[in-house]
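Enquirer: Below is one structure. I have some questions about it.
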Amino acid sequence: MVFARKRFGQNFLHDEGVIERIVSAIGPSPQDALVEIGPGHGALTEPLLERAGRLDAIEIDRDLAATLQERFAGQGLTLHVADALRFDFAALAVQRGRKLRVLGNLPYNVSTPLLFHLLEAHGSIEDLHIMLQREVIARICAAPGSDDYGRLTVMLAPWVVAEALFEVGPGAFRPAPKVWSAVARLTVREAPAFPVDARFGRVVAAAFSQRRKTLRNGLRALLDAAAIERCGVDPGARPETLTPAQFAALAQALPSS
Ligand code: SAM
């Protein structure tokens, strides 16, 4: 029986095969500035430290943090007992003198806000290897026109190239979650794929809050049909058929606030 705190989204990996696949996908090296979010009991921490020799980890649970501190004493672990949602990733990159390679079997209950928080520090992050609920990974990596394509896909697109790697069944964790998980690699772009500002988020949120509606109806409060057409977009189209760059074009048509 494993003691797990539900409020911290704790499901601990124990399947050695899955752990090895994740570590190989990351391909850690001693030059890397690795940052693990939510090390838990250290299932990933241990093999990562063995290969990279040093690692920063952010753990919110003080009891787990105390055990980790003891277990990995003198082995290159810098433990930050903190909430990853408030953690200053940009400052850590400055301290480490290089961009960060972030990874984690993330707490599923805070996955979306955590991804958005990480992207605020996009200039300080090289890549992310994340395990999340399978459906969320599918949304992150979806292609336009597919059922999974939505707000999360489009909001991440300017900043990262997302790649789904493999799926992981509930039996790989203790306690076993009710859902399947999946692992993805998000490689942060050197520069955004197209210019984005706050207007991008407004257009994307409005369009997908009315997923079944055409853009003409969904964006009614922001842009009329003629303005949508001037951006080279069909006002009769549904939001899931637009590429991220087309959303960016619509955003540019809004008055800047
Ligand atoms: N990495 C471990 C593993 O794979 O076995 C644990 C994964 S468990 C799904 C999520 C971990 O994230 C837990 O250790 C939990 O305490 C921690 N956690 C939850 N919310 C957090 C937050 N906001 N900031 C930092 N760590 C958090």
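Enquirer: With point charges of +1 on the Cβ of Lys and Arg and -1 on the Cβ of Asp and Glu, referenced to the Cα centre of the chain, which listed residue (Pro255, Phe173, Val81) lies farthest in the positive direction of the dipole?
Expert: Pro255
Enquirer: Mind checking the full-extension length gain between Ala82 and Ser24? Use 0.36 nm per residue of separation minus the Cα-Cα distance, one decimal, nm. Before the final figure, lay out each step's value.
Expert: Details: separation 58, 0.36 × 58 = 20.88 nm, distance 2.71 nm.
So the chain would gain 18.2 nm between Ala82 and Ser24.
Enquirer: What is the helix-to-structure angle for 16-26, meaning the angle in degrees between its Cα long axis and the longest Cα principal axis of the chain, kept from 0 to 90 and rounded to the nearest 10?
Expert: 60 degrees
Enquirer: Also: Report the semi-axes of the equivalent ellipsoid for the chain in whole Å, largest first, where each axis is √(5λ) for an eigenvalue λ of the Cα gyration tensor. Please report the intermediate quantities before stating the final value.
Expert: Values: eigenvalues 276, 77, 45 Å².
Computed over the chain, the values are 37, 20, 15 Å.
Enquirer: Next question, about the same structure. Scan the chain and report its longest stretch carrying no chymotrypsin sites (Phe, Trp or Tyr not before Pro) that are both in a DSSP loop and have at most 15 other Cβ atoms within 10 Å. Mind dumping the intermediate values first?
Expert: Working: sites that count: Phe3, Trp180.
The segment 4-179 is the longest one with no such site.
Enquirer: Can you give me the relative contact order of the chain as a percent, contacts being Cα pairs under 8 Å and 6 or more apart? Before the final figure, lay out the partial values.
Expert: Details: 429 pairs, mean separation 40.8, N = 257.
Reported relative contact order: 16 percent.
Enquirer: Nearest-5 percent of antiparallel DSSP beta bridges in the chain?
Expert: Values: 17 of 35 bridges.
Roughly 50 percent of the DSSP beta bridges within the chain come out antiparallel.
Enquirer: Still on this structure, I have one more. Order of Arg185, Arg7 from fewest to most other C-beta atoms within 10 Å?
Expert: Arranged by neighbour count, lowest to highest, Arg185, Arg7 become Arg7, Arg185.
Enquirer: Please arrange Asp127, Asp197, Asp56 by how many other C-beta atoms lie within 10 Å of their C-beta, fewest to most.
Expert: Details: Asp127 18, Asp197 13, Asp56 22.
The fewest-first ordering by Cβ neighbours comes to Asp197, Asp127, Asp56.
Enquirer: So what is the 222 nm mean residue ellipticity for the chain from helices alone, if each DSSP H run of at least 4 adds -39500 (n - 2.57) and you divide by all residues, rounding to the nearest 500 deg cm²/dmol?
Expert: Details: 11 runs with 91 residues, N = 257.
After summing the helix terms and dividing by the residues of the chain, the value is -9500 deg cm²/dmol.
Enquirer: Which of Leu92, Leu44, Leu118 moves the most in a Gaussian network model of the chain with Cα springs under 10 Å?
Expert: Most flexible of the set in this elastic network: Leu92.
Readers should treat all values here as calculations from the given coordinates under stated rules, not as data from a laboratory. Quick caveat: nothing in here was measured; it's all calculated off a predicted structure. Glycine also receives a Cβ, built like all others from the backbone with ideal geometry; neighbour counts cover every protein chain displayed.
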